[in-house]
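Trainee: One structure, as structure tokens, below. Some questions next.
Bear in mind that the values in this text are calculations on the coordinates, not laboratory data. These numbers come from a predicted model, not from an experiment. Glycine gets a Cβ as well: all are built from the backbone with ideal geometry, and neighbour counts include every protein chain shown.
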């Protein structure tokens, strides 16, 4: 049986045999992290802007309930498992991270150009990780179009080549999407648009470059 450890070691050995790959990987990771932190600061600044409240016929079918714990649990379990998965595939990460970066830059553009507010009966989503980044008293409620949670999970779905894990991400994305709409945190359009834009950048920047060997088959 081929283990994650063997895959990690073999794939990194093969990737580092390419001249300057380590440098490109480090630069790519640094740019991804820097842009993510800039977007977080943009969202903190943007929280004071006014916006439009939409009438969502699907959302209006549900009295809002607080699913913050379960949204957090599903999302960050997926984040941690995907980091473990992609860490053993440096070339896949190199290309997938570019798709991730561009889709979140576009999300920031949409948030700025399409100012929306959630319904007045929204229950704010309590995310301990976001609280750690922006502070307890800086609620961000108007980062709506499109959903960041579903964008994350969609990128994981498209880039993951281990079928059981991919199927779990699909189930998690569906569950989280329903909970976000039910809690009146996001409109239906927010969660439906996220997979579309995630796939566009995955197709443009990662799909043809990501290796697709048999799962956990080490490089020769």
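Trainee: Tell me, 25, 202 in order of fewest to most beta-carbon neighbours within 10 Å? Show your work: numbers first, answer last.
Mentor: Numbers: 25 18, 202 24.
With the fewest neighbours first, 25, 202 line up as 25, 202.
Trainee: Further, regarding this structure: Applying 1/(1 + (r/R0)^6) with R0 = 41 Å to the Cβ-Cβ distance of residue 105 and residue 167, what FRET efficiency is obtained, to the nearest 0.05? If you can, show how the numbers build up before the last one.
Mentor: On the way: r = 29 Å, r/R0 = 0.71.
E between residue 105 and residue 167, to the nearest 0.05, is 0.90.
Trainee: Using 0.36 nm per residue of separation minus the Cα-Cα distance, give me the extension gain between residue 129 and residue 29 in nm, one decimal. If you can, show how the numbers build up before the last one.
Mentor: Numbers: separation 100, 0.36 × 100 = 36.00 nm, distance 1.96 nm.
My answer for the length gained is 34.0 nm.
Trainee: Another question, then. Please report 63, 101, 3, 151 as a ranked list, fewest other C-beta atoms within 10 angstrom at the top and most at the bottom. Don't skip to the end; give the middle numbers.
Mentor: Details: 63 8, 101 20, 3 11, 151 25.
Result, fewest neighbours first: 63, 3, 101, 151.
Trainee: Over all distinct Cα pairs, what is the inverse of the mean 1/r for the stretch 1-91, reported as the Kirkwood hydrodynamic radius in Å?
Mentor: Numbers: mean 1/r = 0.0568 Å⁻¹.
The Cα-based Kirkwood calculation yields 17.6 Å.
Trainee: Now for a different question. Return, for the Cα atoms of the chain, the radius of gyration and Dmax in Å, separated by a comma.
Mentor: Cα only, the chain: 18.4, 58 Å (Rg, Dmax).
Trainee: How high is the relative contact order of the stretch 4-205, in percent, counting Cα pairs under 8 Å that sit 6 or more residues apart?
Mentor: Working: 245 pairs, mean separation 63.2, N = 202.
Over the stretch 4-205, the number comes to 31 percent.
Trainee: Hey, another quick one. At 7 Å along the Cα-to-beta-carbon direction for both residue 204 and residue 5, put a label point, then send me their distance in nm to one decimal.
Mentor: 4.2 nm
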